[in-house]
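Data first, discussion second: the structure below is written as C-alpha cells.
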Amino acid sequence: MSKRKIVVIVLALLLVVTAGTGYAFRGQIRAAIDTISGADFEGQGVGKVELKIESGDSGEVVATKLVELGVTKNFSFTYKRIIARNPVFIPGTFTLRKGMSADAALDLIADPKTRVVNVVTIREGLRLPQVLAELSKATKLPLADFELAVKDPTVYGLPADLRNLDGYLFPATYEISPADSAQQLVGTMIERMNVELDKFGVKDADRHKVLTLASIVQREARATTDFFKVARVFQNRLDIGMPLQSCATISYLTSGSTFTNTPEERASKNPYNTYLYPGLPVGPIGAPGTTAIDAALNPIDGPWFYFVAVNLETGETEFNETYAGHLKSVKRWDTWLRANPSWIE
C-alpha cells in the first residue's frame, strides 16, 4: 500500500473519531459555545442567595427561578442545560450564589450540603400549646403566627366544629425550610397524621374518636409495653358505660398534673372531666403517636378495669380486675409518691 493511501486512511479515521467525539460531547461543546457568546455566566458566582424548589416544580420553573434570582444569566440556556442533564429536583431551599454558570448552579442544587434545613422534634403526648411553642422556637417565627394557623380547622379539610386542633398534629421529627410558613408547617403535620390514620384504615367518621382515645392512652401509659393494656382498661369501661376516670383528662384545660387531682377538680364541669361525664371527652388531650393509635384500635385482650402507676421512675404499672385489688395498688402508689414528690408534673 502506498504512503499516500495510508495518509488518506489515517485522515479518514481521524475525521470519523473527531466527528464521533464531537457528537458524544455535543452538549458540552454547545455549552462552551453559548458561554463564549455571552449566554451564560462564567465561574462559581459571588454572594449568597436562597432558591426554594417546591414539590412538583418542573425544569422550566426552576430555570425561571434561577434567572429571576440572578443566579444564572439566560433562561433559554439554563433550561437547555437542565434538559441535557435531566436532574431530579428535590423540594427544599438551597444556598446558591449570584452570577453562576448554569452547570455550577445545577451542581450545587444536586449537592445535599447546599440544602438549607432545620429540624424540630415534636414529642408524643405534647398538648397543642406545647407543640406550637416548639415550632415557634425551632423556626424563629412568632408564636402568634402558629396560634393563628390553628384557628380555623376547615383550612386543612377538618370539621369546623372541632374545639381545637389538639391531637391532629402528628408527633415526629420534621425538616423545616426557612421559607416555610406557620400554616404550611401545621398543614404538613396534619397531613402526616392523615397518613398514619390511613395506614391503620381509620375512616373519616371515626378519626376524632380514635385520636381522642389514643391521646388519653398516650398521656396515661408509662411504659410502651403497657399501651395496649391501658387501652383495654378504657375500652372495657366504655363497653359497660363506666366513667373513664382519667386524671390526664381533668388536667388538660388547666395544664396541670397528669397523675393527681383534687376532689374539687373531679367534681368540676370541665368538659374534659371523665370522672363527671361518661364516655370519651370532647376531644384529644395531646398528640398521640403511632403506638398509642395502634393501641386504641387494637387493645390487648384482658379483664382489667383499673390501672395505676406505682413507680414513675421505672414506669411500673399495676392492672387490676377488681376495685379491691386496685386499692392495694393505690397504696403502693401513695407510698412511692410520698417518697418522690418531685416526680409530679
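The values are calculated or read from the model by the stated rules, or taken from the named source; none is laboratory data. Please read these numbers as outputs of a predicted model, since none were measured by experiment. Methodologically, a virtual Cβ is constructed for each residue, glycine included, from the backbone with ideal geometry; neighbour enumeration extends over all protein chains shown.
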Task: Candidates Leu96, Leu126, Leu51, Leu135 - the one that is part of a helix (DSSP H, G or I), surrounded by 17 or more Cβ atoms within 10 Å (Cβ to Cβ) and in contact (Cβ under 8 Å) with a residue 24 or more places away in the chain - done: Leu135
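Residue by residue, here is whether (1) under 32 Å from the mean Cα position of the chain (by Cα); (2) at positive phi holds:
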position	(1), (2)
Gly201	yes, yes
Asn236	no, no
Ser246	yes, no
Glu265	no, no
Tyr272	yes, no
Ile293	yes, no
TODO: Identify all residues within the stretch 272-288 that are within 30 Å of Thr173 (Cα to Cα) and in contact with a Pro (Cβ under 8 Å, 6 or more places away or on another chain); write none if there are none.
DONE: Tyr272, Pro281, Val282, Ala287, Pro288
Task: Selection status of Arg232, in contact with a strand residue (DSSP E or B) (Cβ under 9 Å, 6 or more places away or on another chain), farther than 19 Å from Arg127 by Cα and in a helix (DSSP H, G or I) - done: yes
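Among the residues of the stretch 249-257, is any surrounded by fewer than 20 Cβ atoms within 10 Å (Cβ to Cβ), of a type outside the set (Val, Ile, Thr) and touching a Phe, Trp or Tyr at 6+ places or on another chain (Cβ under 7 Å)? Steps first, answer last, please.
First pass over the stretch 249-257, keeping only residues surrounded by fewer than 20 Cβ atoms within 10 Å (Cβ to Cβ): 253-257.
Remaining after also requiring of a type outside the set (Val, Ile, Thr): 253, 255-257.
Then drop every residue that is not touching a Phe, Trp or Tyr at 6+ places or on another chain (Cβ under 7 Å), which leaves 253.
Yes: one or more hits.
Given the structure, is Val120 surrounded by 14 or more Cβ atoms within 10 Å (Cβ to Cβ), touching a residue at least 12 places away in the same chain (Cβ under 8 Å) and in contact with a helix residue (DSSP H, G or I) (Cβ under 7 Å, 6 or more places away or on another chain)?
Values: surrounded by 14 or more Cβ atoms within 10 Å (Cβ to Cβ): yes; touching a residue at least 12 places away in the same chain (Cβ under 8 Å): yes; in contact with a helix residue (DSSP H, G or I) (Cβ under 7 Å, 6 or more places away or on another chain): yes.
Spelling it out, Val120 is indeed surrounded by 14 or more Cβ atoms within 10 Å (Cβ to Cβ), touching a residue at least 12 places away in the same chain (Cβ under 8 Å) and in contact with a helix residue (DSSP H, G or I) (Cβ under 7 Å, 6 or more places away or on another chain).
Which residues, taken from the stretch 140-173, are in contact with a Leu (Cβ under 7 Å, 6 or more places away or on another chain) and in contact (Cβ under 8 Å) with a residue 40 or more places away in the chain?
Step one: list which residues in the stretch 140-173 are in contact with a Leu (Cβ under 7 Å, 6 or more places away or on another chain), which gives 143, 146-147, 150, 153, 164-168, 171.
Correct list: Phe146, Asn164, Asp166, Gly167, Tyr168, Pro171.
Considering the stretch 235-249 alone, what residues qualify as being assigned to a helix (DSSP H, G or I) and either of a type in the set (Ser, Thr, Tyr) or in contact (Cβ under 8 Å) with a residue 40 or more places away in the chain (or both)? Write out each step before concluding.
Initial filter on the stretch 235-249 (assigned to a helix (DSSP H, G or I)): 235-240, 247-249.
Passing the criteria: Gln235, Asn236, Arg237, Leu238, Thr249.
To keep it simple, each residue is scored yes or no on (1) surrounded by 13 or more Cβ atoms within 10 Å (Cβ to Cβ); (2) out of contact with any Gly (no Cβ under 9 Å at 6 or more places or on another chain); (3) aromatic (Phe, Trp, Tyr); (4) not assigned by TED's automatic domain parsing to the domain that holds Leu106.
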residue	(1), (2), (3), (4)
Gly47	no, no, no, no
Ser55	no, yes, no, no
Val62	yes, yes, no, no
Val67	yes, yes, no, no
Val71	yes, no, no, no
Ser76	no, yes, no, no
Val88	no, yes, no, no
TODO: Kindly list the number of the only condition in (1) among the hydroxyl-bearing types (Ser, Thr, Tyr); (2) in contact (Cβ under 8 Å) with a residue 24 or more places away in the chain; (3) closer than 30 Å to Val202 by Cα that fails for Thr260.
DONE: (3)
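With the requirement that a residue be of a type in the set (Lys, Arg) and either over 33 Å from the mean Cα position of the chain (by Cα) or under 10 Å from Ala102 (Cβ atoms) (or both), what does the stretch 40-85 give you? Don't jump to the end; show me each part of the working.
First pass over the stretch 40-85, keeping only residues of a type in the set (Lys, Arg): 48, 52, 65, 73, 80-81, 85.
If the condition is that a residue be of a type in the set (Lys, Arg) and either over 33 Å from the mean Cα position of the chain (by Cα) or under 10 Å from Ala102 (Cβ atoms) (or both), then Lys73, Lys80, Arg81, Arg85 are the ones that fit.
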